[in-house]
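Written below as structure tokens is the structure these notes are about.
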Amino acid sequence: MALAPSLLPPPVFDMSRCAAGGDGIAGCRACVQGCPYQAIVAREGPNGTEIHIDAGQCHRCGACTALCPTSSLERSFLPDAELRAMVVDAAVGGRPVLVSGPCHEGLAARASEDGWATVEVPSVLVIDEVALLAGLRAGAVALAVVGCDECHHDALHLVQDHAEVAAQLSGRHGSILVADSRAAGLDEALATMGREAKPEPREMPIGFPGPSEAPRRSVLAQLLADMDPTDDAETSLVAGFGHISVEDEGCTMCGACARTCPTGSIQLSDSDGVLSARDVDCVECGLCVTACPEQVISLRPAVASQLVERRTLVVDEMVPCAGCGEPHLPARLLAHAKQVVRDSGRPPTRSSRQLDLCPSCRVVADEGLRVTDDDGRPTPVGLPQLDRRSFLVGSAATVGGVLGMIATGAEPAAAQAAPVEPAGRLGMVIDIGRCIGCHACTAACKAENHVPLGVYRDWVEEYVQGTYPDARPVFVPKLCNHCTDPGCMRACPTGAIFRRSDGIVDLDHSMCIGCRACNQACPYGATFVDPVRHTADKCNLCAHRVDEGLRPACVDVCPSQCRVFGDLDDPNSAPSQLIASQPTDVLRPELGLGPNVHYVGLPSDPGEPTTAVTTGTREL
């Protein structure tokens, strides 16, 4: 019979570690494909792919937590650290170790008489290759995992897969047994393994990895580093581990692969211009291959002997910032960005004159500053010498010069040193209570800005608050928040995204190299890659209309007038008076980016949207 649903909560999902993908790129689906009860699905949301667990379908067997290569799923019982400790404690002393479920007391008792150390777990589906490898490293001369396929919807093969990986990595192929408790001759097989096992007591190395918050692959890397390589490790391919290769000549060092990699397998150093990878961290999700604009990345199964070593993929010279002199961009990327601008055939814009400036120096650059001549050669600039370290204080992330910076604390030090006061700060207030969910704003935006099918600058998320018969719909319009300190602008390596003097965060398509840095940096899911133009795009509050003294198309078309647009720095403007007269909220205020789209009546916990028109290449 199937495991009875428990009163325990279902596994907890940590999206920040997940390799499922985003911005229309599908990645890892190990938990979805391996769940014995079809309780897990991958859905597309405003922030990318999200994993959803049906609490009613979930049987708390733990299979998904053992399958997840990035430790994004955490079970509410027997954390990984505790499981490893139980196996290790049983293994120390060189005894064979039997791991079984609570319904196998009789089998465990008989095995104990034959010299086996026994470990009881609520479900054997929690066993993964890390727990098995930890037991072998601790001295276990044999490991047996015994469960019941009838109780686990024929899912013991999942444990067998973990066992095969552990055997490959340890070189002890005959030391691990995974068996159904109903198999004929199981008692005799265990007795034989117990008699033939030759204990080799060993002392456990100091510093065994145990923190539950440590990702499985990090623990595995430490385990492998302490083990001697086996003879067949030179050629043995290991399932679930990827070996990343990059064609040196075609790589522009844009960093899209490093930004997209959810496990940190690929890293780009902002100090020495080195792109590197470590196979033990690669989960073969393929996100780097899909994200690479130049399509110069390939992925193949990894070899056991190469898992732990970090390999250098590409090396490039770092070009210093023309303003402060700090390392700015890899030479390849800077040259590529300038070539993109030249090939566009468009006149130089304010942002295109700042390619030689780092993000912090762009904040204080004068409107008319020119840092390159007509041939692309740098010319002297008169910028103050900025303390970039103080600029980084309070940042949410620093992922290399090419990745930019997402500030989450106070106003950047550069801006404090030489503030640039805009003529105004255009923004919007949206009254949730007045929105009727007609999507007229979405349609008007697409028509006004020639937005291709399948992607959106402006969209409406629909939620249901309460339960029947008191349920009611809630509509939350979304668009670019035109932050005072935009994460997308700081992440953009070429300066294609810039903030106008009126506060509108705009984008120069002629400078975009399609690296998706802005997609990763925007916490609101407001940027996307145009499938026709193949460059980034986002709402710019219909800047062309604003320049003509008109309001954005979404504001003009709204039948319920739930959107109020104007200068937030003017206390007499309509949005300022609305903010002053009643409580308003902004999305994700904890990030400190200063969003300039405010909401009246924003639900504190709206739950999951029932339907949503989202950005990127995602479907409705």
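Here are some notes:
- Flag for T442 being in a helix (DSSP H, G or I), under 24 Å from H598 (Cβ atoms) and either touching a residue at least 40 places away in the same chain (Cβ under 8 Å) or open to solvent by less than 10 Å² (accessible area, probe 1.4 Å) (or both): yes
- If you go through the range 93-115 and keep only what is more than 36 Å from the chain's Cα centre (by Cα), assigned to a loop (DSSP other than H, G, I, E, B) and under 12 Å from V145 (Cα atoms), you end up with P96, H104.
- Residue within the range 547-555 that is part of a helix (DSSP H, G or I) and either in contact with a strand residue (DSSP E or B) (Cβ under 9 Å, 6 or more places away or on another chain) or not aliphatic (A, V, I, L, M) (or both) present: yes
- Qualifying residue in the range 73-95 (condition: of a type in the set (S, T, N, Q) and open to solvent by less than 10 Å² (accessible area, probe 1.4 Å)): no
Let's see how each residue does on (1) modelled with pLDDT of 70 or more; (2) open to solvent by less than 30 Å² (accessible area, probe 1.4 Å); (3) in contact with a strand residue (DSSP E or B) (Cβ under 9 Å, 6 or more places away or on another chain); (4) among the β-branched types (V, I, T):
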position: P205; (1), (2), (3), (4): no, no, no, no
position: F208; (1), (2), (3), (4): no, no, no, no
position: R216; (1), (2), (3), (4): yes, yes, no, no
position: A221; (1), (2), (3), (4): yes, yes, yes, no
position: D231; (1), (2), (3), (4): no, no, no, no
position: V238; (1), (2), (3), (4): yes, yes, yes, yes
position: G242; (1), (2), (3), (4): yes, yes, yes, no
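- Filter pass, A337 being touching a residue at least 24 places away in the same chain (Cβ under 8 Å) and assigned to a helix (DSSP H, G or I): yes
- Pair list, Cβ under 9 Å, 6 or more apart: the range 488-504 residue farther than 14 Å from C518 by Cα, other residue open to solvent by less than 10 Å² (accessible area, probe 1.4 Å) and assigned to a helix (DSSP H, G or I): R500/A543; D502/A543; I504/A543
- Flag if R60 is among the basic types (K, R) and in contact with a helix residue (DSSP H, G or I) (Cβ under 9 Å, 6 or more places away or on another chain): no
- Leading residue by the ranking (farthest from the chain's Cα centre (by Cα)) among those in the range 461-501 that are surrounded by fewer than 20 Cβ atoms within 10 Å (Cβ to Cβ) and among the aliphatic types (A, V, I, L, M): A471
- Residue under evaluation L98, criteria (1) open to solvent by 10 Å² or more (accessible area, probe 1.4 Å); (2) in contact with a Ser or Thr (Cβ under 8 Å, 6 or more places away or on another chain), criterion not met: (1)
- Pair list, Cβ < 9 Å and 6+ apart or interchain, from the range 515-533 residues that are more than 23 Å from D485 (Cβ to Cβ) to residues that are among the polar types (S, T, N, Q): V529/N519; V529/T535; V529/T617; P531/T617
- Close Cβ contacts (under 7 Å, 6 or more residues apart or on different chains) running from residues in the range 70-99 that are farther than 18 Å from D14 by Cβ to residues that are open to solvent by 10 Å² or more (accessible area, probe 1.4 Å) and among the acidic types (D, E) comprise G94/E200.
- Residue in the range 236-257 that is among the polar types (S, T, N, Q), touching a helix residue (DSSP H, G or I) at 6+ places or on another chain (Cβ under 7 Å) and under 18 Å from T312 (Cβ atoms) present: yes
- Filter result (closer than 26 Å to V341 by Cβ and open to solvent by less than 10 Å² (accessible area, probe 1.4 Å)) within the range 543-560: A543
- Number of the exception - P473 against (1) part of a loop (DSSP other than H, G, I, E, B); (2) at pLDDT below 90: (1)
- When E150, E120 are screened for being open to solvent by 10 Å² or more (accessible area, probe 1.4 Å) and at pLDDT 90 or above, only E120 passes.
- Of the residues making up the range 153-173, just one is open to solvent by less than 40 Å² (accessible area, probe 1.4 Å), in a loop (DSSP other than H, G, I, E, B) and within 13 Å of A304 (Cβ to Cβ), namely G171.
- The residue list V340, V319 contains one member that is surrounded by fewer than 24 Cβ atoms within 10 Å (Cβ to Cβ) and at pLDDT 90 or above, which is V319.
- Filter result (open to solvent by less than 50 Å² (accessible area, probe 1.4 Å) and in a loop (DSSP other than H, G, I, E, B)) within the range 262-292: P262, T263, G264, S265, S269, G273, C282, V283, C285, G286, C292
Every residue, every condition in (1) in contact with a Cys (Cβ under 8 Å, 6 or more places away or on another chain); (2) closer than 28 Å to A256 by Cβ, yes or no:
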position: T494; (1), (2): yes, yes
position: R499; (1), (2): no, yes
position: F528; (1), (2): no, yes
position: C554; (1), (2): yes, no
position: V557; (1), (2): yes, no
position: L568; (1), (2): no, no
position: L578; (1), (2): no, no
position: G592; (1), (2): no, yes
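- Residue satisfying all of: in the range 1-13; in a loop (DSSP other than H, G, I, E, B) and crowded, with 16+ Cβ neighbours inside 10 Å; modelled with the highest pLDDT among these: P11
The values are calculated or read from the model by the stated rules, or taken from the named source; none is laboratory data. Source: prediction; values computed, not measured. As a convention, Cβ positions derive from the backbone with ideal geometry for all residues, glycine included, and neighbour counts pool all protein chains shown. Ligands, DNA and RNA are excluded from the accessible area calculation, which covers all protein heavy atoms including side chains. Shrake-Rupley method; radii C 1.70, N 1.55, O 1.52, S 1.80 Å.
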